[in-house]
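The values are calculated or read from the model by the stated rules, or taken from the named source; none is laboratory data. The structure presented is a predicted model; accordingly, all values stated were derived computationally and were not measured. Positions of Cβ are generated from backbone atoms using ideal geometry, with glycine treated the same way; all protein chains shown enter the neighbour counts. Each accessible area value is taken on the protein alone, full model and side chains, heavy atoms only, with ligands, DNA and RNA left out. Shrake-Rupley method; radii C 1.70, N 1.55, O 1.52, S 1.80 Å.
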Amino acid sequence: MRKLADRLNCVGFEGDAFHGEANVAKMRAGHPLDDADRWPWLDRLGSAIGDAVRSEGQAVAACSALKRSYRERLEQAAGVPLLFVLLDGERADFAERLGRRKGHYMPPSLLDSQLATLERPAVDERAVVLPCSWPVRRLRDAVLGRVRSEAAI
């Protein structure tokens, strides 16, 4: 997220920073969030994205918008069209990425609940799906390519 935001010269949001204390405590204790936990979080993050887009022209955010309804809620809260990027892969790929995160409150034990919740974007959603195994620079360049191709239309 940071490399993409830097390349686009825009603000980048880490979605986890928008969780309330109760959500953080719940995840830290190893309990997955449910829809009711996520709605206020998605509203706060979406509002921040929308404000940034309206004032600066664009923004980047990293978050787990796992379900279509979450992506719709995020876009509604933003009030601007959003492009979603899913880093997809096998469970082992995600586990390896999670293992590299240091000092994060979400324990790797919640990975299975996240994968069970995941609804990959449908063809009618404005989304791009990329392999999570790609290096960060390649992911960044693929997203930039999509953004630039849409801007040319």
Rounded to the nearest 10 Å², what accessible area does Arg137 show when all protein chains are kept and the probe is 1.4 Å? 150
Carbon and sulfur atoms: what percent of the 1.4 Å accessible area of the range 8-153 do they account for? 53
Taking the Cα centre of the chain as the origin, how large is its charge dipole in debye, to the nearest 20, when only Lys and Arg (+1) and Asp and Glu (-1) carry charge on their Cβ atoms? 520
State the antiparallel share, in %, of DSSP beta bridges confined to the chain, rounding to the nearest 5. 0
Working from Cα positions, state the angle (0 to 90°, nearest 10) between the long axis of helix 136-152 and the longest principal axis of the chain. 40
In the range 1-104, GluC sites (Glu not before Pro) in a DSSP loop with at most 14 other beta-carbon atoms within 10 Å: Glu90
Using +1 at the C-beta of Lys and Arg and -1 at the C-beta of Asp and Glu, which of Ala95, Ala122, Leu144 has the Cα lying farthest in the positive direction of the dipole of the range 80-146? Leu144
Based solely on its DSSP helices, what 222 nm [θ] is calculated for the chain when runs of n ≥ 4 H residues each add -39,500 (n - 2.57) and the sum is averaged over all residues, nearest 500 deg cm²/dmol? -16500 deg cm²/dmol
May I ask you to rank His31, His19 by accessible area, largest first, using a 1.4 Å probe over the protein chains only? His31, His19
Fluctuation leader among Ser113, Ser133, Ser47 - the chain, Gaussian network, Cα springs under 10 angstrom: Ser113
Just to confirm a number: summing +1 for Lys and Arg and -1 for Asp and Glu over residues other than Glu90 whose beta-carbon lies under 12 angstrom from that of Glu90, what do you get? -1
Taking a probe of 1.4 Å and leaving out DNA, RNA and ligands, the chain shows per residue an accessible area in Å² of 57
